[in-house]
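Undergrad: Dropping the structure in here first, questions after.
The values are calculated or read from the model by the stated rules, or taken from the named source; none is laboratory data. Just so it is clear, the model here is predicted, and its values are computed rather than measured. Note that we place each Cβ from the backbone using ideal geometry, even for glycine, and neighbour counts take in every protein chain shown.
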């Protein structure tokens with residue numbers, strides 16, 4: 001009987017090591033560290049004051065000032081403002097990249113005259129007349145017909161809406177003086193009596209001043225008012241005197257509340273053409289932009305309706 005040959009079994013062991021730069025454990029570890037950071041952040045936030053919680057909430061729920069400026073003022077005006085901020089207030093420039101936007105901004109701290117004009121045009125539209133911006137002063141005028149019934153201090157139907165627009169301009173002011181001038185003509189009132197006209201102008205002034213004062217967010221703003229009665233002169237037959245106007249003047253104080261020198265409004269890219277009103281130009285640009293946005297939205301809805309109808313058939 002032949003002797004059985006032993007069976008030889010060869011066992012080959014292959015050892016596979018992790019890659020030189022990797023390891024799936026790193027992904028799990030990164031997730032763990034992220035979870036721990038989030039946990040400690042929540043624990044820290046729970047122990048903070050209500051004001052800190054509000055600031056953190058505002059940071060994550062609102063766009064930064066830079067994003068707000070780009071979306072509202074466009075590239076040119078935003079770059080002008082950033083340049084002026086960098087030259088005059090470098091810390092404020094870098095802070096703008098992370099600070100949530102202030103929905104009631106101080107127009108006297110915008111740095112650029114053009115940004116102030118654009119902001120005024122966006123908020124007031126064609127309601128404001130004779131708008132002018134200098135290095136430390138903003139003035140504009142609203143015809144009394146927009147705010148009051150003829151020859152009286154009774155608010156018009158547009159009074160509340162227009163004053164809400166004015167409050168957007170004045171509410172965020174700091175370290176400023178607001179001057180309100182109520183102007184009326186002697187022949188505006190039915191009696192053509194100068195004394196009665198004076199009473200109407202004074203009542204209008206009190207009403208507007210109270211509205212502005214009640215909306216101020218900072219105590220460093222003072223409001224001054226005056227009223228005046230002008231002579232209407234000889235009017236053509238059948239024509240009545242003007243209902244007057246309300247003149248607003250915002251002037252920055254010489255020093256801020258913490259005794260710092262006021263930063264003036266500037267114009268880095270040169271002045272506009274004297275033959276053309278910058279304010280009216282801004283209004284036209286904004287109007288055209290909004291009109292285009294409405295048309296685009298309307299066209300988009302129309303395309304969706306057509307697409308839905310085609311799919312349903």
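Undergrad: Residue 132 passes all but one of (1) at pLDDT below 85; (2) over 17 Å from the mean Cα position of the chain (by Cα); which number fails?
TA: So the condition that residue 132 fails would be (1).
Undergrad: Inside the stretch 120-157, can you point out the residues that are part of a helix (DSSP H, G or I) and crowded, with 22+ Cβ neighbours inside 10 Å?
TA: Of the residues in the stretch 120-157, the ones part of a helix (DSSP H, G or I) are 120-127, 144-147.
Result: 120, 121, 144, 147.
Here is a yes/no grid of residues against (1) touching a residue at least 60 places away in the same chain (Cβ under 8 Å); (2) in the same structural domain as residue 203 (by TED's automatic domain parsing); (3) closer than 20 Å to residue 214 by Cα; (4) in contact with a helix residue (DSSP H, G or I) (Cβ under 9 Å, 6 or more places away or on another chain):
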| position | (1), (2), (3), (4) |
| --- | --- |
| 139 | yes, yes, no, no |
| 145 | yes, yes, no, no |
| 148 | yes, yes, yes, yes |
| 153 | no, yes, yes, yes |
| 162 | no, yes, yes, yes |
| 165 | no, yes, yes, yes |
| 168 | yes, yes, yes, yes |
| 172 | yes, yes, yes, yes |
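Undergrad: Go through (1) closer than 16 Å to residue 250 by Cα; (2) not in a helix (DSSP H, G or I) one by one and return the number of the condition residue 116 breaks.
TA: (2)
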